[in-house]
1. Rounded to the nearest 0.05, what FRET efficiency is calculated for A:Arg68 and B:Gln99 with R0 set to 22 Å and r the Cβ-Cβ distance?
2. For B:Ser226, what is the net charge nearby, where nearby means another residue's Cβ is under 14 Å from its Cβ and Lys, Arg count +1, Asp, Glu -1?
3. Could I get the Rg over Rh figure for the stretch A:57-110? Both from C-alpha atoms, Rh via Kirkwood, rounded to two places.
4. Let's see if you can work this out: charge +1 on each Lys and Arg Cβ, -1 on each Asp and Glu Cβ, no other charges. What is the dipole magnitude of the protein assembly as shown about its Cα centre, in debye to the nearest 20?
5. Would you mind putting A:232-242, B:264-274 in packing order, based on average other-beta-carbon counts within 10 Å, highest first?
6. Cut-off is 10 Å between beta-carbons; in what order do B:Met327, A:Met76 appear when sorted fewest neighbours first?
7. Helix-derived [θ] at 222 nm for chain B: sum -39500 (n - 2.57) over DSSP H runs of at least 4, divide by residue count, nearest 500?
8. Nearest 10 degrees is fine. How inclined is helix B:64-75 to the longest principal axis of chain B, computing both from alpha carbons?
Amino acid sequence: MDLSVIVPLYNEKENVDELYRRIKRELQKLSLTYEVIFVDDGSTDGTTEAIKEIKKAAPELKVIIFNRNYGQSEAMAAGFEAARGEVLVTMDGDLQNDPADIIRILMAVRSGYHVVCGWRQIRKDNLFLRRIPSALANALIAYVTKVKIRDLGCSLKGYRRDIIKHIHLYSEMHRFIPIVAASIGSRITEVPVSHKPRVAGKSKYGLSRTWKVLLDLIKIKLLVDFSSKPMTLFGLSSIPFWFLGTTFLGFYYYDFLNPSLVPDHAIVTLGSGILFIFLAFSLVSFGYLMELVIKTGDYKQNKILGDVSWIQK
Amino acid sequence: MDTEVKIAVGSEGIVKQDTEISVIVPVVERSDNLERLFLLYYEELSKIKKSFEFIFIIDARMKNAYDEIRQLSRKNPNIQLIIFPRTFGESNALSVGFQNAKGRYVFTLSSYLQVEPEETKRLYDALNNNECDMVICRRSRENDAFFNRVQTFLFHKILRFFTGTKFGDISCGLRAMRREVAEAFDVYGDLHRFIPILAEHQGLRVKELVVKQRKEDTCLRVYKISTYLYRLIDIVTLFFLLRFTYRPMRFFGLIGSILILFGGAINAFLIYNRLFTQGFALRDKPSLFLASLLIVIGIQIFAIGFIGEIIIYTHSKKGKHFNVKEMIE
C-alpha cells in the first residue's frame, strides 16, 4: 500500500462526513493504493456512530474506536500501529487542513524526506489566543532544539514508514515527533499548506497549555540529548555544586582558622557547603541509576541506528 | 513471583470447557467458616443453572484453612485448590486466580461473608446483559457499626480527592468481570483493592450495584494503626500511577522548578546585597541556608521527574497505554 492517512477524531460529528468525502475526492485523482484511518478518541457527541455509518460504504476506511478519551498522541500511535502504507500522513479532523495538501506532503516524502511538516503560512485563527503564542513557542522550540521548523503545531505531517516505528508516542509527544526523528538522523523538510477557519465543532486548545509546553520542551531537549548518556548530563550539572559546596566550606574553614573574626552564625556557611556537596553527590548517583535504566530499556540509539535504512552501510 | 505454586485440582483435574463462572476466593487474612461460605454461594450459583468452578487460593499464613478446603474439594468436583508455599498476599492470590480461571465470567469473593449470597444473581445478570465489563458491590450499611461507616466514609473521601473516583465501596470483595478483563489485569502489591478504579482508568465500563450487607460483616472492625497508614500510602501510589505514569515531569518538574526559582530568588537578593550594600554579611543569614536548601531539594525533585521520563522513554515499548474498544477494517 502506498499511503495511509491517519485522522484522530475527538467530538467532530459535524465534520467527519465532509472530511471523508474530501479526502476521498483528492486521493482518487491519483493512481495509488491508499487507506484512511479514523481514530475515534472516546468521542461523546455521536462521532462514533457517524464514522460507523461512513464505514459501511467505504472499504478503504479503517476505524479504530478507543474505549475512553486518551489524547491525540495515543490516537496517532494507534493509527500508526494499524497503518499499512509506505507513507503515513496525519491530519486534524476539524477540516482546517485541506485534504488537497496530502498530495504535496506525499510528494515531498517520496522525494526523499523522512519527515515532512505542513507549514500554515497564512493561519485563520485568533491572533492573540492562537497565532502569537504559537509563533513564540515555535521560535523557542527551534532555538532550543536546533530543529528549524516554523510550524510544529500543524497536524498535517507526513512520515516514511521506517522512521515511525522507532518513535513511541505517549502523553502529547506527537507535537515533538520531528525533533525525536531528527535525533536519529532523519531528513526533515517543510511544505507550505493552506489553512481554513473552523466552521463547525469546537477547538480543544487554550492558553492554559503554556507551562505544559514549556515543561515538555525541557523534557524533550533533555531526552533527545541525554537519554543515551545520562551520566554526562547529571555529571555536568553536578559540577557547579561541587564548586559551590567547596567554596562555602572554604569560607567556613577560613573563619575557623581566624577565631577572632567568627560571628555567631558561621554554621550557615558550613551547612550550605555540606548541602551543596550532598546535592552534587546525589546527582552523580542519579546519573549512575539512569545508566542502569537505559541498559535494561528498549530505546537505544545505537540499536535504532543499526536498523534505520538511511544510514550508509 | 515464586513459581513453586502447588496446584491440587479436585476430581482428576477435569475442568469443563464451557465453564460459565469462575469464583476466585483468596484466603489470605481472615476467614469465616469456609465450608459455610462455599455452600451458601454454591447454592445461589446452582440456581443460575450454568456450570461453574470455585478456585480457592490459600496463602501460607492461612495453613489451618487448608485441611478444611481439602476435605471440601474431595467431596466437591467444582473446587480447584491452589496453595502458596509462602505468604504472597491478596494481589498475588488474585493474579494466580485470574490466570487459572476458565469461566466466561470471573467472580472474586472475599473469604468472609460480606454480601448476601442471593445478590450474585444480580451481578451475573448485569454482566450477562452486557451492561458493563465489571460489576462491583456497594454494601448498604444501614445496620453497620457506626465506626465502620465512619472509616469507610473517610477512606472514600480521601480516595475521591486523589483519584476522582465516584465509587463508594471500593474494598468490597465481591466483584464480577468478564474473563478478558481479569486476564488483562496486572495487580501487584496492594493494588487489588483498587481493581475497579484501575479498570475505569483503562476505559472499561464499571457498574456499582447496591447490595445487602451480610449480618456477619456489620461487626465492629478496628485495624492496627499500621493498616490505616498502609491504606493511605496505597492511595498515594495509585494517585501517581493513574495521573503521572506517562508524564512524571508534569508533577515533579513543576514542583522542582517552583522550588528552584523560589530559592534562587532569595539567594540572588542576598548576594546582590552582599555585593552592593555596606556591612551586609552572609554568614549570619539563616535565609541563605534556607534558600540553598530549597534549591537543593528543587533540583533533586526535578531530577527525579527526569529519571521518571527516561524510564518511560526507554521502556515505553513494553507498556500498553491505550485500549481499543473496536476496530473495523
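We did not get these values from a lab; they are worked out from the coordinates using the rules stated. Treat the numbers as computed from the prediction; the structure is a model and nothing was measured. Heads up, the Cβs are rebuilt from the backbone with ideal geometry, glycines too, and the neighbour counts pull from every protein chain shown.
1. Values: r = 26 Å, r/R0 = 1.18.
Once rounded, the FRET efficiency stands at 0.25.
2. Details: positive: B:Lys224, B:Arg231; negative: B:Glu29, B:Asp190, B:Asp234.
Surrounding charge for B:Ser226 is -1.
3. Working: Rg = 12.6 Å, Rh = 13.0 Å.
Rg/Rh: 0.97.
4. 1120 debye
5. Working: A:232-242: 16.9, B:264-274: 14.1.
Final packing ranking: A:232-242, B:264-274.
6. Details: B:Met327 13, A:Met76 26.
In increasing order of surrounding Cβ atoms, one gets B:Met327, A:Met76.
7. Details: 10 runs with 151 residues, N = 329.
After summing the helix terms and dividing by residue count, I get -15000 deg cm²/dmol.
8. So the inclination is approximately 40 degrees.
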